[in-house]
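Read through the structure below, which is laid out as structure tokens, and then see the notes.
The values are calculated or read from the model by the stated rules, or taken from the named source; none is laboratory data. Since the structure is predicted, the reported quantities are computational estimates derived from the model, not experimental observations. As a convention, Cβ positions derive from the backbone with ideal geometry for all residues, glycine included, and neighbour counts pool all protein chains shown. These area figures cover heavy atoms from the full protein model, side chains too; ligands, DNA and RNA do not enter into them. Shrake-Rupley method; radii C 1.70, N 1.55, O 1.52, S 1.80 Å.
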Amino acid sequence: MKVSGIICEYNPFHNGHLYHIRETRKNGATHIVAVMSGSFVQRGDTAVMDKLERARLAVRSGADLVIELPVQYCLSSAENFASGAVYLLNALGAVDELSFGSECGDTQKLQKAMETVGVTAMSHADEIKGIMEKGYTYPRALSSVVNGIDPEAASIISEPNNLLAIEYLRALKRFGSSIEPFTVKRVSAEHDSGRTENGFASASYIRERIEKRANVNEFTTAEWAEAIKSAISRGEIASLSRLERVILYKLRSSSVEEISQIYDVGQGLEHRIYGARMAGSLDELLFTVKTKRYTMARIRRIMLSLLIGITKEDMKKLPSYGRILAFNERGREILARAKDSTKIPFASSIAKLSQLGSAAERFAELEIRASDIYGLALETVTSAQKDYRAKIMIDME
């Protein structure tokens, strides 16, 4: 029995994800556990479909057990996104391998780049700070300095999936995990690319087609394509644009002090955000706040964190539990293997998990609030408190 962990969003699942799962199986994985984003995703957006439906489809597409990544880690930097997900896989106590995609496709080169980046960040902190003071983001400033030291490492961290892969490696090291890293070289279209190639397309391209109600059969499995078609017909495709008024309301009713407490707000950014409260649309708000230093994705994450109420204090805590969203018979075997070695509780009922202490109660509170807000982003608005009534998918076929 070899258990491999995959960190994903499946927003939506596409042929590149299917290739990743198949390559992970080829590398010897008999069982796969996926840690998946829930209602909101790391680019600062709504998930295109409901998390329970995506988890169900993930199990039908090659995963055996799906665990939810808490919303505060979904709406966070690559470092925290990776940290929360790796922590859950490590805490399960049954995972042998972490499988992830990368443009590089070479674990040793990624490890070397990670070490170079770590040393550079510490030894050239003042130089990096100086570049940031000119208005550039931290990743851009870091990459600029690394390029003068190790051009190959700089080239590696210039690619988005390589950069995330390095964060996975750093998280494994931080937690002293025995989980072995394994990377699959990406063969699909580039991240956020509008180009398609041999049935491969980026998730962003597929989301655009879904928004236009165009056919996506070529780029995903038949089951996912049918589920997407069905979700469209029921008005169950989410869009950030439908949250425009509630986001604008939240900003207009928040003080500078309240904004300053939101995660990832610092260096006076709260004043810039507060100054944009007169914006008449979400796009106007985002473009008013955005600078070279603050990317659009970061601003979107901050605005969603403000809406949900994710504070800096919330990001100081590692997950208190692991919430199971779906599993099959092999998933049951993973849970049986983990039974006596888990570091935190794993269960499906958020009501029961919320009763495990104050920290768990706070994690559940944010998750339930995120799901309630997500329901407003659907064409057909859903009722509140849906997380309490959620029935997970158990596939024993």
Subject >> Selection from the range 276-302 of residues that are free of Cβ contacts under 8 Å to residues at least 40 places away in the same chain and open to solvent by less than 40 Å² (accessible area, probe 1.4 Å) >> reply: A276, A279, S281, L285, L286, V289
**OP:** Assess whether I32 counts as being in a helix (DSSP H, G or I), on the phi < 0 side of the Ramachandran plot and aliphatic (A, V, I, L, M).
**Re:** no
Subject >> Complete set of residues in the range 227-239 that are among the aliphatic types (A, V, I, L, M), within 15 Å of L57 (Cβ to Cβ) and either open to solvent by 60 Å² or more (accessible area, probe 1.4 Å) or not in a helix (DSSP H, G or I) (or both) >> reply: I237
Original post:
Just a yes or no: is a residue in the range 294-310 under 20 Å from E79 (Cα atoms), out of contact with any Ser or Thr (no Cβ under 8 Å at 6 or more places or on another chain) and assigned to a loop (DSSP other than H, G, I, E, B)?
Top reply: yes
Subject >> T137 vs. criteria over 22 Å from the mean Cα position of the chain (by Cα), open to solvent by less than 30 Å² (accessible area, probe 1.4 Å), among the hydroxyl-bearing types (S, T, Y) and at pLDDT below 95 >> reply: no
Subject >> Answer from I247, I273, I259 - the residue that is within 26 Å of the chain's Cα centre (by Cα), under 24 Å from E211 (Cβ atoms) and not acidic (D, E) >> reply: I247
Original post:
Condition test on R170, is it farther than 15 Å from K112 by Cα, under 21 Å from the mean Cα position of the chain (by Cα) and either crowded, with 20+ Cβ neighbours inside 10 Å or not small (G, A, S) (or both)?
Top reply: no
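Out of the range 240-275, which residues are part of a loop (DSSP other than H, G, I, E, B) and surrounded by fewer than 16 Cβ atoms within 10 Å (Cβ to Cβ)?
S253, S255, G266, Q267, G268
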